[in-house]
2 protein chains.
Amino acid sequence: MQTRVGVSQLLRPRSVAIVGASAAPHKAGGRRWLSAISEPGHPRLFPVTRSGDSLNGYRTYRSLAHLPEPVDLAVIMVPADAVQDAVADCARLGVPVVVVVSAGFAERGAEGAALEAALAARLRATGGRLLGPNSAGLYSAAGGLNLLGWRVPKGPIGLVTQSGNVALTFTRHARAKRSGFSAILALGNAADLTLSELVEVLIEDAATRSVLVYCEGFAQGDGRRLIEIVRNAREKKPVVVLKAGVSEAGARAVQSHTGSLAGDDRLVDDLLAGAGILRAAETEQAFDLALALAAPKVLLGRDIAVLSDGGGHAALVADCAGRHGLTLARFSPETLARLRALLPARSGVENPVDFAGAAESDPGSVAAAITICLDDPNVRGIVLAGHFGGYHLMTEDETTRSRVAQQETDAALRIAAAARDSATLLVVHSEHAERGLATLTPLHEAEIPMFAGLESAARAAAALALRGGALEGWKAAAFAAAGELEAGRPGGARQLTEPEARERISRAGIPVPPFRTAGSAEEARAAHATLAAPLAMKLVSATALHKSDIGGVILDVGSAEAAEAAFRRLMSVARERGIADAGVLLTPMIPAGIECLIGGAVDASFGPVVSFGAGGIWVELLADVVFRAAPVDETEARRMIAGTRVFRLLQGYRGRPPADLAALAALIAAVSRFVAETSGLIALDLNPVIVDETGAHLADVRMIVEPGALRSNAGAVRRT
Amino acid sequence: MQTRVGVSQLLRPRSVAIVGASAAPHKAGGRRWLSAISEPGHPRLFPVTRSGDSLNGYRTYRSLAHLPEPVDLAVIMVPADAVQDAVADCARLGVPVVVVVSAGFAERGAEGAALEAALAARLRATGGRLLGPNSAGLYSAAGGLNLLGWRVPKGPIGLVTQSGNVALTFTRHARAKRSGFSAILALGNAADLTLSELVEVLIEDAATRSVLVYCEGFAQGDGRRLIEIVRNAREKKPVVVLKAGVSEAGARAVQSHTGSLAGDDRLVDDLLAGAGILRAAETEQAFDLALALAAPKVLLGRDIAVLSDGGGHAALVADCAGRHGLTLARFSPETLARLRALLPARSGVENPVDFAGAAESDPGSVAAAITICLDDPNVRGIVLAGHFGGYHLMTEDETTRSRVAQQETDAALRIAAAARDSATLLVVHSEHAERGLATLTPLHEAEIPMFAGLESAARAAAALALRGGALEGWKAAAFAAAGELEAGRPGGARQLTEPEARERISRAGIPVPPFRTAGSAEEARAAHATLAAPLAMKLVSATALHKSDIGGVILDVGSAEAAEAAFRRLMSVARERGIADAGVLLTPMIPAGIECLIGGAVDASFGPVVSFGAGGIWVELLADVVFRAAPVDETEARRMIAGTRVFRLLQGYRGRPPADLAALAALIAAVSRFVAETSGLIALDLNPVIVDETGAHLADVRMIVEPGALRSNAGAVRRT
């Protein structure tokens, strides 16, 4: 049994042992010891080292066994070969959480992996948990705990990271943007505590307002746990994920870094989006989104006002916001009249508002214009872009400069007060946002998201719209599910014949069109009599997977004679190909409709997943597939359908009637339940499913199962 | 006739009149006067103003007529109503270039547009040219000319901008990245000098090493001129374009800013890419690409080595590089052996190289590792990522700090020397790149592209690979050409009937399958006798455009009787719909194949364009279309085909033979010539073109022409 680690143990330990603390400031142990004792309000710290009796005025201890009191947390920074003894001491003392910074474990190979597994097991046996090994350490603002070795600015963002260097990059951004961290937890090799567990700790941490994750892959089942944790806590904490390993080169780099496979990136993309997790493409974007989401307000709608010092900035902000689904609000007549009264004739008052020099000569007009827009019920959010906060820097005359600076500070105070009193979102772009100007302090203090990048501000507004529930999903990428099915087939796995697969899913309540199997021409004639012609006839064999590639499918079989002839032709194909186990499946032709695909698979990180998209030969070309964690209900299935491009065809296209979306959604939901509930299933592929106004009709089924799973003789084909 | 403006007049005027110069530093005229006199090596400056006899020690002049010598350039910053007189003075004096900073023209409406057109005409009449009005001014490093009103850092980038504020944003990035500008030209309303003309000036300017463009749209025909200018100069100067107006909100903002339509963005995307122009999505990316492209080296290949202080940075760099088409090089055995000998056991020596702490304790090892990788013929480029340059900041001990700083400086000098002696590209990411550290100065001086953003460094390498000719084209987006055809139809334009269109393109040498037209059942029977059945029969009418929507197409017509019956059915459809001008076209059925589309159109900014992509009902769903400026030759047509997703089907798919790509390319090239050479053409749409192993067979043609164009009675349909 694993012991659950909570906020109190990991982020607010009362006393901490630091094993391998050192006075050498350029070493890992020395840097971290220094950052630990420098952190204001730090817990009781006990350096464990064999060199000297004291360290920076702290009494040192030769081993954990000599400590004067039990500690809540121990950090181990000794060389790899000494880690085992230190961990054994922790286990004996019942230390609840042990952070191993030392490297030289799974990242070195199988032997190291066995070593770290043993460390984790040793601790768990006495109720302890392990963070690491190869963890860069941890930081907790509320706990006064800094075991990272660098200074961390305080703030609302909780970070879980698989890389210490990436945490340093985020720290640089935090400093520049005058934000910071509630906590930083470096996952390391995750021999015990997993990414999802650390995210859970941050979600429960009161000081953390948004969770930022950098990762390179998910451990077995941990992606699924992450999704479930975030989903259950969706209303409470926003989560932003930056995940490497998207491209082939990236996946190779990830593999060489952590030894883990990056996983199918498009699947990750969809499943994270499905759980309401925002995924960022780049490092600074990830930080900016976490910063925006840590702010107290969201965007309740899609309509924004853009206010700027000039058309170029406005165009770039509107452009980026538009690419992420936002629109420019139509101002009410009253707003237009008030803006016209406020601003000189040269200013543009239609949205986007263009101050055209009016703001730099009178910064107060920015506050007034924002107040006017806040009053407009058509405006759900405002992005201010340009030079606000730095207008005073445009002159080199000291008197003018200090007068304008005062006007800007006054305006910032008015803006902060107005924004605080309104439900409307305000996001600020200022060219001067990262210069630490006092004129912008009131905006920082009012927790108004502020960025030096035009697109950062626009993207923040869009992310807050998503968070606000207004956007119907971050654009989800997709992949070729059919290829997946082929490639993902592990050794020993078994593909059911089509009759077996049809029989199996039919018993599970999934509607399957009538079909028969035949082992002789006579049986084919008999089957023809019981089915509504014209028929499709297919060669059935466990060894001939791509029926259509070898002439193993005959369509539009009308008469009984034609059925006999078709049977013979299929058998001669089988003989030519040396297929010994051939039989024939007969089923009524399904009238032409829109070819879709419904898939199911069991992913190592994410567990059972269901997919829907364009089917037939378009699968690989369109890559028009949406994934969800299975099971889904029919409402969620509808959302999946709406997330594809083939949805446009399904809604009725050039005079065709709309397809039966209810039947299609029900089928997706049924397949998702089957995938979630069937043990031993590896992959299921209904492709094509022919969809038209009469329903969703399955035309072909492939199912791959683990060896020994789903054995059933029902529907098996007689050998010829 | 327009006079061509050259580098000497615009960027290196010997004497400049500044009309509206002022002592008020917070006003447009005051700021620009100050920046002009503060610029080192400025030309002779003549302030023209009515207040006072001197300004900052310069003698002032009451009007242009009073100047003591002819000037090469005049800048006008007086209020809008005084501009006309000043421009008239310039025309009288024959000033070659006049920059009008004053606003209040086309951006205010039709009256302003007429005013500025008159200004331009006035100047052109005496051989002068106009930049602006509503231009933010201009800057030329070589000319010592700063009429922008802010300080500009010198450097290799030439900027053409439609917005002064965006130029300010770029200036901020230039300062942070220790780069700068050779010239900044603010386009303003472009009443005379156009964007393409300014780009041409910069391409010809020896001090400009890369050209950066911010624009919101292209004037009539100017997109085409830009493409031609850049294409002809492709080997000489790289061009990066940031264009707003991509999203609907962005397009609205652009329209309100410059009054111009943003144009079809996907077409712009493809045509710029086709001319070798890099298009950036965001502001900082645009600057970073221009900075990278200004460096002396390119990436000749796709295989890079990534060297980093830790796996996280390496993974993110490799990931982004991989997304842009780069791959991780496989190190030679010698490289691996040398790296193993150089670095401690804990370091990773497979690509990506992970110093894992070795570099911070011995910065010289970074130089050594780079030298080793430079020697590897498998490595075409190197991206160094991490903390190089700032290792010394990791300690607070002053002695250690200055020792490590010296080691870093030495390493930087070695890196710079090694990179200088090698054809291999080096790009550096450093967390400290924007801190102005002396340790990094040798890299700056060696013109090694250096970035604080991980993805910036990766993207720079990818851009330099594109520039190096190795990448086969920046991913081009596409759009629904069919919808375009409908929407783009101006008033008075005329859609030819299908027989007219077939006849017209056939006469131009485009292969058209045999067809006949019939005005009676008897004619239908006669036509049937001359064509190879089965036939397709289509209603022909100038008023019924969507034949398939109204039951106006009958397929698989076998016998002569069936042809008569089909004729009668089509006529009854025509009667039901009140179509008075109906006739029928008969043509042999084309066997099933891959449905493609070839389109042609004449774009306002870009002139004749040709498109190719997936056809049939997939046009709007797949949005799988590639555009090129017409005409294209067959080699370029092949590249267009290869740029689509339908290309995968055309290459042979699941046992189908490969399609006849030579025939398809020839057809695309023929259509492109027709589009380029046919005056009065608005749009041409061959959709579908059925492509299989026997050739590319046109199945439907639509052509829209200007009123009066292409009148021809051949192939016209008799009225029933």
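Observations
- Tally, over region B:225-249, of residues that are within 11 Å of chain A (Cβ to nearest Cβ) and either within 17 Å of the chain's Cα centre (by Cα) or modelled with pLDDT under 80 (or both): 6
- Of the listed requirements (1) among the aliphatic types (A, V, I, L, M); (2) more than 13 Å from every other protein chain (Cβ to nearest Cβ); (3) touching a strand residue (DSSP E or B) at 6+ places or on another chain (Cβ under 7 Å), residue B:118 misses just one: (3).
- Unique match (being within 14 Å of another protein chain (Cβ to nearest Cβ), surrounded by fewer than 23 Cβ atoms within 10 Å (Cβ to Cβ) and touching a helix residue (DSSP H, G or I) at 6+ places or on another chain (Cβ under 9 Å)) among A:111, A:107: A:107
- Just one residue in the set B:70, B:156, B:79, B:133 is surrounded by fewer than 16 Cβ atoms within 10 Å (Cβ to Cβ) and under 29 Å from residue B:207 (Cα atoms); that residue is B:70.
- Qualifying residue in region A:613-626 (condition: over 30 Å from residue A:566 (Cα atoms) and more than 13 Å from chain B (Cβ to nearest Cβ)): yes
- Condition check for residue A:457: within 14 Å of chain B (Cβ to nearest Cβ), touching a Pro at 6+ places or on another chain (Cβ under 8 Å), at pLDDT 95 or above and farther than 30 Å from residue A:613 by Cα: yes
- Single unsatisfied condition, residue A:346 versus (1) assigned to a helix (DSSP H, G or I); (2) free of Cβ contacts under 8 Å to residues at least 24 places away in the same chain: (1)
- Annotation note: Cβ proximity below 7 Å between a residue of region A:644-659 that is within 9 Å of another protein chain (Cβ to nearest Cβ) and a residue that is buried (at least 22 other Cβ atoms within 10 Å of the Cβ) and at pLDDT below 85 (sequence gap 6+ or interchain) occurs for A:645/A:622; A:645/A:624; A:646/A:624.
- Only one of B:305, B:295, B:345 that is touching a Pro at 6+ places or on another chain (Cβ under 8 Å) and either surrounded by fewer than 24 Cβ atoms within 10 Å (Cβ to Cβ) or aromatic (Phe, Trp, Tyr) (or both): B:295
- Criterion violated by residue B:386 - all others in (1) without any contact (Cβ under 8 Å) to a residue 60 or more places away in the chain; (2) within 12 Å of another protein chain (Cβ to nearest Cβ) satisfied: (1)
- Test: residue A:290 is farther than 15 Å from residue A:218 by Cα, modelled with pLDDT of 90 or more, more than 10 Å from every other protein chain (Cβ to nearest Cβ) and surrounded by fewer than 24 Cβ atoms within 10 Å (Cβ to Cβ): no
- Region B:32-65 - residue that is within 14 Å of chain A (Cβ to nearest Cβ) and in a helix (DSSP H, G or I) and, of those, nearest to residue B:100 (Cα to Cα): B:32
- Condition check for residue B:83: outside any helix (DSSP H, G or I), over 29 Å from the mean Cα position of the chain (by Cα) and of a type in the set (A, V, I, L, M): no
- Candidates are the residues of region B:136-153 that are more than 10 Å from every other protein chain (Cβ to nearest Cβ) and not aliphatic (A, V, I, L, M); the one that is surrounded by the most Cβ atoms within 10 Å (Cβ to Cβ) is B:139.
- Any chance residue A:29 is outside any loop (DSSP other than H, G, I, E, B) and in contact with a Gly (Cβ under 6 Å, 6 or more places away or on another chain): yes
- Annotation: of all residues in region A:346-358 being over 21 Å from residue A:430 (Cβ atoms) and modelled with pLDDT of 90 or more, the one that is farthest from the other protein chains (Cβ to nearest Cβ) is A:349.
- Being within 28 Å of the chain's Cα centre (by Cα) and either over 21 Å from residue B:702 (Cβ atoms) or assigned to a loop (DSSP other than H, G, I, E, B) (or both) holds for only one residue in B:676, B:659, B:665, B:670, and it is B:665.
- Check on residue A:361, surrounded by fewer than 22 Cβ atoms within 10 Å (Cβ to Cβ) and either touching a Lys or Arg at 6+ places or on another chain (Cβ under 9 Å) or facing another protein chain (nearest Cβ under 8 Å) (or both): yes
- Scanning region B:295-331 for residues that are part of a helix (DSSP H, G or I) and either aliphatic (A, V, I, L, M) or away from chain A (no Cβ under 11 Å) (or both) yields B:314, B:315, B:316, B:317, B:318, B:321.
- Screening region A:404-440 for residues that are modelled with pLDDT of 95 or more and surrounded by fewer than 16 Cβ atoms within 10 Å (Cβ to Cβ) and picking the one that is nearest to residue B:26 (Cα to Cα) gives A:406.
- Taking the criterion of being assigned to a strand (DSSP E or B) and within 12 Å of chain B (Cβ to nearest Cβ), the residues of region A:160-199 that qualify are A:161, A:186.
- Test: residue in region A:598-611 that is closer than 30 Å to residue B:642 by Cβ and aromatic (Phe, Trp, Tyr): no
- Within region A:487-521, being touching a strand residue (DSSP E or B) at 6+ places or on another chain (Cβ under 9 Å), under 26 Å from residue A:643 (Cβ atoms) and modelled with pLDDT under 90 holds for one residue alone: A:488.
The values are calculated or read from the model by the stated rules, or taken from the named source; none is laboratory data. The structure presented is a predicted model; accordingly, all values stated were derived computationally and were not measured. Counting neighbours? That spans all protein chains shown, and the Cβs are built from the backbone with ideal geometry, glycine included.
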